[in-house]
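**Q** Got a structure for you, questions after.
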Amino acid sequence: MAWCNQVYVAVANASGFDGVYTYFGHSAIVGCDGRTLGECGTEDNGIQYAQLSISGIRDARANDQSQNQLFKLTHRGYTGVYANGDGDKGIAECPFDWYKTWVTNPKLAQEMAENVTRKTIGVKCCPVAGIPPPSDEKEELLEMTREIDLS
């Protein structure tokens, strides 16, 4: 993630057991080149520090070729566009309608996601204390249908 997006990433994870889940710890700070700059173990309340370099990120964004995803995302197909003599910028427009909807109409995107996942925060087949299970039989039937439908 850090390397592909040329950003620093702080990965936070709990450690221990909370009565329901077991967490393995290993929170980490990852550099923009993918190197681990600091990592906790499985101890409680672990802390890590790392020195971050803004100039290092700027250099990677300006000079890295193959993993410069920020450039590639906003210049899709630039090598083919250039090879065809159609310019040197590639395509800037986002090709994914769902992402456009998420940015322009987040409630509609939420409904679209619920139509292919679920409408409730809890699920009957995996109850979690404090999270309400689906109370509607129709929702339960829809949930089972989605689990069975592999298309």
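**Q** Tell me the carbon and sulfur percent of the accessible area for the chain, rounded to whole percent, probe radius 1.4 Å.
**A** 58 percent
**Q** Helix-only estimate, please: 222 nm mean residue ellipticity of the chain, summing -39500 (n - 2.57) across DSSP H runs of length 4 or more and dividing by its residues, to the nearest 500.
**A** It lands at -10000 deg cm²/dmol.
**Q** Let me ask something else. Just to confirm, what accessible area per residue do you get for the chain at 1.4 Å probe, in whole Å²?
**A** Accessible area per residue: 77 Å².
**Q** Beyond 12 Å, what share of the Cα-Cα pairs of the range 60-108 remains, rounded to the nearest whole percent?
**A** Roughly 68 percent, rounded to a whole number.
**Q** Further question on the same structure: Just to be sure I follow the rule: in the range 34-119, considering lysines 8 or more places apart or on different chains, how many pairs have Cα atoms under 28 Å apart?
**A** Step by step, the pairs that qualify in the range 34-119 add up to 5.
**Q** Which listed residue (Phe17, Cys125, Ser53) has the Cα farthest towards the positive end of the charge dipole for the chain, taking +1 on Lys and Arg C-beta and -1 on Asp and Glu C-beta about the Cα centre?
**A** Ser53
**Q** Place a +1 charge on the Cβ of each Lys and Arg in the range 26-143 and a -1 charge on the Cβ of each Asp and Glu, then give the dipole magnitude about the Cα centre in debye, rounded to the nearest 20.
**A** 360 debye
The values are calculated or read from the model by the stated rules, or taken from the named source; none is laboratory data. Keep in mind it's a predicted model, so treat the numbers as computed, not measured. Backbone-built Cβ (ideal geometry, glycine too); neighbour counts: all protein chains shown. All accessible areas refer to the heavy atoms of the entire protein, side chains included, with ligands and DNA or RNA removed. Shrake-Rupley method; radii C 1.70, N 1.55, O 1.52, S 1.80 Å.
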